[in-house]
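Enquirer: Right, I'll just put the structure down here and ask away after.
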Amino acid sequence: MANIDHPATLQELSVEYAKKQPHQINYLIEDTPVLAGIKFEESSHPLWNVAEVTTDFGGAGFVKMNSPLPQIHSDSKLEHVDLNIMGGEIFVPQDKAVAYGGLTKYLGKRMPNILKQAGMDTEKHIIYENYRQYALDNENAQDAGGSTGLYSIIVVRQVPGENCGLYSPEGFKQGAMLDVQPLYGGQLSRNDEGVPGYYTQVKGYFGMQLMNPKTCSVIVNIAEGSLPTIKQINEALLQARAKPGDTRMLMHPRVLGWLGEAYKKEMIRMTNAEQGLNFLIGSWNGIPMVGSYNFLEGSETKVTLE
């Protein structure tokens, strides 16, 4: 399917493939600055991806003139990554559908909010179940020392094939990012409470591929009175091998505000947008700091680091 043969954002993929439903992406990433900045690659199969991971590489180097060249070796293994479903089921009571002039008109009115919520839920999942958990599992973590009202900062460096999003080669077949289809043949049915109505499915196959621990780190247990030190932030950047252009620091806007108040004169440069996206960010030594309201608002569980 793909005309795009390089990592691309959902916005770029939508422009290329979602010509029948071009507005879906606008609703989906309206309040998802983290999701909007992720680069996606086409998966090897409709529901999963097989990736080759290098386990050892070496041999090349300088040798003296008239000397034999060293043998280059490269060992690798194959990894299987399942895609996830983005979307859900919508039940519309019969009377409500009639009041809106039919199911199609009702969905047309409600779809922007449905897609917006789907994007926000997806972003929260990526923040906590993918990036943050991956950093913790690989012990790339710093402890800011807070005990209540806790937040995190996540550092992510995107690398093709190693830290990237995935989309199914069967996606976009209907000219839309998410396929909208009636269930049960579009016939009237009943929900669990016995209310008559119609079920509709919104569905697409996407995923995250994280295969390099040196691309993700986290600072946990951040609170207003327990901000990470400059040293801890710099260490988190080192753990993720951060560099301008492919790395972002992700956090709740409140944490971004706290850091701005504490370190603006020393380390932070504030700007208005990144890659045309309309949200406030800062820059820590050239690394963009992205604020998202899809981080939990001071309700993260305290993490004990070993």
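The values are calculated or read from the model by the stated rules, or taken from the named source; none is laboratory data. Remember, it's a predicted structure, so these values are computed and weren't measured experimentally. Glycine gets a Cβ as well: all are built from the backbone with ideal geometry, and neighbour counts include every protein chain shown.
Enquirer: Name the single residue that is surrounded by the most Cβ atoms within 10 Å (Cβ to Cβ) among those in segment 1-26 being more than 19 Å from residue 117 (Cβ to Cβ) and among the β-branched types (Val, Ile, Thr).
Expert: Selected residue: 9.
Enquirer: Could I ask something else about it? Report, by residue number, each residue of segment 19-43 that is over 26 Å from residue 248 (Cα atoms) and either at pLDDT 90 or above or of a type in the set (D, E, K, R) (or both). Before you say what the answer is, go through the steps one by one.
Expert: Keep residues of segment 19-43 that are over 26 Å from residue 248 (Cα atoms), which gives 19-23.
Those that are over 26 Å from residue 248 (Cα atoms) and either at pLDDT 90 or above or of a type in the set (D, E, K, R) (or both): 19, 20, 23.
Enquirer: Any idea which residue in segment 77-101 is surrounded by the fewest Cβ atoms within 10 Å (Cβ to Cβ), counting only those that are assigned to a strand (DSSP E or B) and of a type in the set (Asp, Glu)? Can you show your working first?
Expert: Pass one, segment 77-101, residues assigned to a strand (DSSP E or B): 77-82, 84-93.
Now restrict to residues that are of a type in the set (Asp, Glu): 79, 82, 89.
On the way: 79: 12, 82: 12, 89: 10.
Only one residue tops the list, namely 89.
Enquirer: Sort through 139, 193, 170, 162 and tell me the only one that's charged (D, E, K, R), at positive phi and more than 13 Å from the chain's Cα centre (by Cα). Show your work before the answer.
Expert: Details: 193 fails: at positive phi; 170 fails: at positive phi; 162 fails: at positive phi.
Matching residue, one of 139, 193, 170, 162: 139.
Enquirer: Sticking with this structure for a sec: Collect the residues in segment 102-118 that are surrounded by fewer than 17 Cβ atoms within 10 Å (Cβ to Cβ) and either hydrophobic (A, V, I, L, M, F, W, C) or under 22 Å from residue 32 (Cα atoms) (or both), keeping them in residue-number order.
Expert: If we filter segment 102-118 for residues that are surrounded by fewer than 17 Cβ atoms within 10 Å (Cβ to Cβ), which is where we start, we get 102, 104-105, 108-110, 112-113, 117.
If the condition is that a residue be surrounded by fewer than 17 Cβ atoms within 10 Å (Cβ to Cβ) and either hydrophobic (A, V, I, L, M, F, W, C) or under 22 Å from residue 32 (Cα atoms) (or both), then 108, 109, 110, 112, 113, 117 are the ones that fit.
Enquirer: Let me spell it out: the conditions are (1) of a type in the set (Gly, Ala, Ser); (2) under 21 Å from residue 130 (Cα atoms); (3) over 16 Å from the mean Cα position of the chain (by Cα); (4) at pLDDT 85 or above, and residue 97 meets all of them except one. Which number is the exception?
Expert: Only one criterion in (1) of a type in the set (Gly, Ala, Ser); (2) under 21 Å from residue 130 (Cα atoms); (3) over 16 Å from the mean Cα position of the chain (by Cα); (4) at pLDDT 85 or above is unmet by residue 97, namely (2).
Enquirer: Only one of 151, 128 is outside any helix (DSSP H, G or I), of a type in the set (Phe, Trp, Tyr) and modelled with pLDDT of 95 or more; which?
Expert: On the way: 128 fails: outside any helix (DSSP H, G or I).
One residue alone meets the criteria, 151.
Enquirer: I'd like to verify a number: residues in segment 175-215 that are closer than 24 Å to residue 104 by Cβ, out of contact with any Lys or Arg (no Cβ under 7 Å at 6 or more places or on another chain) and hydrophobic (A, V, I, L, M, F, W, C), how many?
Expert: Matching residues across segment 175-215 total 6.
Enquirer: Taking the conditions exactly as written (surrounded by fewer than 21 Cβ atoms within 10 Å (Cβ to Cβ), at pLDDT below 95, over 16 Å from the mean Cα position of the chain (by Cα) and not polar (S, T, N, Q)), does residue 182 satisfy them or not?
Expert: Details: surrounded by fewer than 21 Cβ atoms within 10 Å (Cβ to Cβ): yes; at pLDDT below 95: yes; over 16 Å from the mean Cα position of the chain (by Cα): yes; not polar (S, T, N, Q): yes.
Against the criterion (surrounded by fewer than 21 Cβ atoms within 10 Å (Cβ to Cβ), at pLDDT below 95, over 16 Å from the mean Cα position of the chain (by Cα) and not polar (S, T, N, Q)), residue 182 qualifies.
Enquirer: Which of the residues spanning segment 209-221 are under 28 Å from residue 149 (Cβ atoms) and either within 17 Å of the chain's Cα centre (by Cα) or surrounded by fewer than 23 Cβ atoms within 10 Å (Cβ to Cβ) (or both)?
Expert: Quick first cut of segment 209-221, residues under 28 Å from residue 149 (Cβ atoms) only: 216-221.
The answer is 216, 217, 218.
Enquirer: Residues of segment 180-237 being part of a strand (DSSP E or B) and without any contact (Cβ under 8 Å) to a residue 12 or more places away in the chain, which ones?
Expert: If we filter segment 180-237 for residues that are part of a strand (DSSP E or B), which is where we start, we get 180-182, 189-190, 196-210, 216-223, 226.
Residues satisfying the conditions are 189, 190.
Enquirer: Looking at segment 27-39, which of its residues are surrounded by 23 or more Cβ atoms within 10 Å (Cβ to Cβ) and either among the charged types (D, E, K, R) or more than 12 Å from the chain's Cα centre (by Cα) (or both)?
Expert: The answer is 28, and nothing else.
Enquirer: Could you tell me which of the residues 162, 170 is touching a Pro at 6+ places or on another chain (Cβ under 8 Å), at pLDDT below 95 and of a type in the set (D, E, K, R)?
Expert: Only one candidate qualifies: 170.
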